[in-house]
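Taking it in order: structure first as structure tokens, then the write-up.
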Amino acid sequence: MEIIENKPGKNILLLGNEAITRGAIEAGVSVATTYPGTPSSEIADTFSKIAKYKIKKNKDPGFYFEYSTNEKVALEIAAAAAITGLRSLTCMKHVGLNVASDTFMTYLYIGCRGGHVIVSADDPSCHSSQNEQDNRYFAIFGGAPMFEPTTPQEAKEMTRMAFEISEELNSPVLLRTTTRLNHVRGPIKFNKIEKSKEKGKFEKNPMWVPMPEIARARHPKLIEMLEKAEKISETYPYNEIINIGKQSEWGIITSGVSYNYVREISEELNLNVKILKLGMTHPIPKKICKKFIRSCKNIIIVEELEPILENQIKQIIYDIGENVKIFGKTTGHFSRLYEYNLDIVEDVFLKIFKINKEIKKPNKSKLELPKRPPALCPGCPHRATYYAAKKAQPKGVIYPTDIGCYTLGKAKPLEMADLLLCMGSNAGTACGLAVATDEKIISFMGDSTFFHSGIPPLIDAVHHNHNVVITILDNRTTAMTGHQPHPGNDFDGMGRPAKKILVEKVVKGCGVENIEIINPNNIEKSSEAYKRALNYSGTSVVISKSPCIILENRYKRKRNESIRVYQIDQEKCKKCKTCIGKFGCPAIYFEEDESIHIDMNQCNGCGNCATVCPFNAIFNKEN
Amino acid sequence: MKNNIVLTGVGGQGVITAANILGKAALKAGLNVYVSEVHGMAQRGGSVNCTVRIGDVYGPLVANGTADAIVSTEPIEALRYINYSNNKTKIITDINPVIPFTVSVGSDKYPSLDKVFSELRKNGELYKIDANKIATDVGNIITKNTVLLGALAASDALLFKSDLLLSTILENVPSKFKEINRKAFQEGFKAIKK
């Protein structure tokens, strides 16, 4: 396995996320935890692959890794390990840090002994997220030292070095990344892999229990730590000044992936500028900044999302009383929205430097192109569940939904996703809608989401007897983020056997009295179950059990079993389009002559189209 | 020296794999490289777009109008990213449509292929290729991305030699698929260099 070769100096191409894992392994990480979420998932998936590979070869992986129940649990497990002196890493997507924030905020008060790197993968432009929050605020909010790499190589190095800094400060640190770092491949140069510690030692100390008296004593320590961190920031090697062209009084301050755009455009436009590239952005190195500000008359600040550097630089300018002109977000030059790119940075620079360069409008198709949004896969059991629920009561139902593949139930023709906030919100909002309206409520969440944060709102529903139908789509995997295992599986993230927790047992344990367990591929029976659930006064839970078809077919192929695809008998087909217009399987399409066909390359062989066809025109090739 | 390659298509057609291999080949050629990928929701049959930047580059994303080549596993997906093209861009596209479900459910229309190709021709140097057929003929539809990489190598858009790309592909596929990938690459190459 190339990524774990102990060959210092070797160059390979790695994804930003893989580079973070490599950096942690070079630093001798002992414990790594996560809850999967795009764009962070491959950091953890790489730990998982390495662990499985080594265990298969009867070797010690050198670390413990788990896909935790949720981000809060993930952070707590790694925090405890770091408190015993082990180097630990926790990774999550940006909104995951909201879930873990309760732990995060107080963890910074008590600190750690082993280095602990918390990776936040932010998602400017919401490529695969429900918001584009800027988690750099969390570093400032909680008081965490923060690093922002610009390239995969820096991501690896900054991760490796972050463990040392974390230990020097006895504080967890935040590695803040964005999609264009996480999902960019670039050249990586290996360093030596340090051996990880096997066991930590918990030393009892009152400071680990921040009761009010201790908490009051810890807060000044946190401030002291940040003062020490600022000194580190002043000499941090990735806080650097890069001169482009001749000496001038123009400066640019930037961090993260924005630096790449700034550097390339500055060279391309032959600007005479100096760039202060900040790799450690909390605490910012005030001395370096002051010196830089004093050497400039004009400063451009380039950072995606919030004006966090900009506001701090303005504070410093005020403190030192310099007369420097700022160009940034607060001056209307840059946007607080979405990710940047070369075109955006060039456009703003042309205006600021008053350069006359003809910018050709980008080519545009004169044809209107059909949209190709992501959709529930052909054969996805969620589609059958949705269809059955709608069949039970076609109108007058509100469908709260959740984070996962089933969000895609929003698309036509199902249109069964009406309200979404975050992980687990389906059940909480279902209860609220039941309180506030007289509508019927059917909510949906996945099994991994249920374990993550679906249980507390379910208990609330039972306790208050909210009149809701809560669906748990039990496909036995965390499908959307790449099929990671969860507590409902009998194996864990290291590929070892694990205790499988049955959704229905948990639901029963929460006090739900009306539980319907369905196989969604039996649409008729599933629909009857939904009717009973809707007629029940109080909280009903429908558990829809059918494995993710992508995973199931992968196993079938491994076992050399064939996938029996379906086709349409053109003589029997009356072109009613139920299969397309109501069921909505993306493998089914119609030709210009209106005849309906199934794309053999896309069909996953669930056979549900054959059930929904009113004319029995869809059949399995082999039957 | 810079090389900007855009690879597009539909989730599941091997676009990300092709981009990754192109990146590895560039690294072997001793060049700097950044490959940008779209993950997550794109896996579910959505539109996929990867960019490969080689040489003296910093930003991982290709700027508008600067692509040396657009390689697409599906015709309208080439047109969807036409903002990256200029009139010298080599546009290499497969000719087999994958009908989006938005068309099947009747909310959108798939334009006629003739119009798609004429639109592509207006915006660059168009090379059409039946990669599905070539891949199936050499032994497996999954080599479709290799056929298109062969075509890209033949278009002279790359900063490094085509042999290097072929050897990188062969290093990155399981041994039982090496031979059909070699054929797929060569047939893709021939389809452009007639």
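From the list A:344, A:316, which residue is within 28 Å of residue A:155 (Cβ to Cβ), within 14 Å of another protein chain (Cβ to nearest Cβ), surrounded by fewer than 21 Cβ atoms within 10 Å (Cβ to Cβ) and touching a residue at least 12 places away in the same chain (Cβ under 8 Å)? Give the derivation first.
Numbers: A:316 fails: within 14 Å of another protein chain (Cβ to nearest Cβ).
Exactly one residue qualifies, and that residue is A:344.
Limited to segment A:267-297, what total is found for residues that are surrounded by fewer than 24 Cβ atoms within 10 Å (Cβ to Cβ) and in a helix (DSSP H, G or I)?
10
Is it the case, given these coordinates, that residue A:274 is touching a residue at least 12 places away in the same chain (Cβ under 8 Å), basic (Lys, Arg) and closer than 27 Å to residue A:106 by Cβ?
Values: touching a residue at least 12 places away in the same chain (Cβ under 8 Å): yes; basic (Lys, Arg): yes; closer than 27 Å to residue A:106 by Cβ: no.
No; evaluated as a whole, the condition is false for this residue.
When you scan segment A:327-363, how many residues do you find that are of a type in the set (D, E, K, R), at pLDDT 95 or above and more than 20 Å from residue A:296 (Cβ to Cβ)? Working first, answer last.
Of segment A:327-363, the ones of a type in the set (D, E, K, R) are A:329, A:336, A:339, A:343, A:346-347, A:351, A:354, A:357-358, A:360-361.
Adding the requirement that they be at pLDDT 95 or above leaves A:329, A:336, A:339, A:343, A:346-347, A:351, A:354.
Add one more test, that the residue is more than 20 Å from residue A:296 (Cβ to Cβ), and what stays is A:336, A:339, A:343, A:346-347.
Total satisfying the criteria: 5.
Tell me which residues, restricted to segment A:354-372, are more than 18 Å from residue B:123 (Cβ to Cβ) and surrounded by fewer than 17 Cβ atoms within 10 Å (Cβ to Cβ). Outline the logic, then answer.
Keep residues of segment A:354-372 that are more than 18 Å from residue B:123 (Cβ to Cβ), which gives A:354-358, A:370-372.
Answer for segment A:354-372, where residues must be more than 18 Å from residue B:123 (Cβ to Cβ) and surrounded by fewer than 17 Cβ atoms within 10 Å (Cβ to Cβ): A:354, A:355, A:356, A:357, A:358, A:371.
Among (1) modelled with pLDDT of 95 or more; (2) within 12 Å of chain A (Cβ to nearest Cβ), where does residue B:189 come up short?
All conditions are met except number (2).
Filter segment A:413-442 down to the residues that are out of contact with any helix residue (DSSP H, G or I) (no Cβ under 6 Å at 6 or more places or on another chain) and either assigned by TED's automatic domain parsing to the domain that holds residue A:588 or among the hydrophobic types (A, V, I, L, M, F, W, C) (or both) and list them by number.
A:420, A:421, A:422, A:430, A:433, A:434, A:435, A:436
Across segment A:6-35, which residue is surrounded by the most Cβ atoms within 10 Å (Cβ to Cβ) among those that are within 16 Å of the chain's Cα centre (by Cα) and within 12 Å of chain B (Cβ to nearest Cβ)?
A:16
Which residue out of A:46, A:69, A:38 is in contact (Cβ under 8 Å) with a residue 60 or more places away in the chain and over 14 Å from the mean Cα position of the chain (by Cα)? Please lay out each step first, then the result.
Values: A:46 fails: in contact (Cβ under 8 Å) with a residue 60 or more places away in the chain; A:38 fails: over 14 Å from the mean Cα position of the chain (by Cα).
Just one listed residue meets the conditions, A:69.
Within the bounds of segment A:434-455, is there any residue that is charged (D, E, K, R), modelled with pLDDT under 95 and open to solvent by 20 Å² or more (accessible area, probe 1.4 Å)? Don't jump to the end; show me each part of the working.
Step one: list which residues in segment A:434-455 are charged (D, E, K, R), which gives A:438-440, A:447.
From what's left, modelled with pLDDT under 95: none.
Checked against the condition, which is being charged (D, E, K, R), modelled with pLDDT under 95 and open to solvent by 20 Å² or more (accessible area, probe 1.4 Å), segment A:434-455 yields no hits at all.
Among the residues of segment B:62-96 satisfying the criterion of being more than 24 Å from residue B:134 (Cα to Cα), assigned to a loop (DSSP other than H, G, I, E, B) and open to solvent by less than 20 Å² (accessible area, probe 1.4 Å), which is farthest from the other protein chains (Cβ to nearest Cβ)?
B:67
Output the residues belonging to segment A:347-387 that are touching a residue at least 24 places away in the same chain (Cβ under 8 Å), in a loop (DSSP other than H, G, I, E, B) and under 30 Å from the mean Cα position of the chain (by Cα).
A:373, A:374, A:375, A:376, A:377, A:378, A:379, A:380, listed by residue number.
So which residues in segment B:107-117 are more than 7 Å from chain A (Cβ to nearest Cβ) and open to solvent by 30 Å² or more (accessible area, probe 1.4 Å)?
Taking segment B:107-117 as the starting set, the residues that turn out to be more than 7 Å from chain A (Cβ to nearest Cβ) are B:112-114, B:117.
Listed by number, the residues that qualify are B:112, B:113, B:114.
Any idea which residue in segment A:538-561 is surrounded by the fewest Cβ atoms within 10 Å (Cβ to Cβ), counting only those that are polar (S, T, N, Q) and in contact (Cβ under 8 Å) with a residue 40 or more places away in the chain? Lay out the reasoning, then the answer.
Let us first name the residues in segment A:538-561 that are polar (S, T, N, Q), namely A:539-540, A:544, A:546, A:553, A:560.
Pick out the ones that are also in contact (Cβ under 8 Å) with a residue 40 or more places away in the chain and you get A:539-540, A:544, A:546, A:553.
Details: A:539: 30, A:540: 24, A:544: 28, A:546: 23, A:553: 18.
Out of the qualifying residues, it is A:553.
The values are calculated or read from the model by the stated rules, or taken from the named source; none is laboratory data. If you're wondering where the values come from, they're calculated on a predicted model, not measured in any experiment. Glycine also receives a Cβ, built like all others from the backbone with ideal geometry; neighbour counts cover every protein chain displayed. When the accessible area is computed, the model is the full protein with side chains, heavy atoms only, and any ligands, DNA or RNA have been set aside. Shrake-Rupley method; radii C 1.70, N 1.55, O 1.52, S 1.80 Å.
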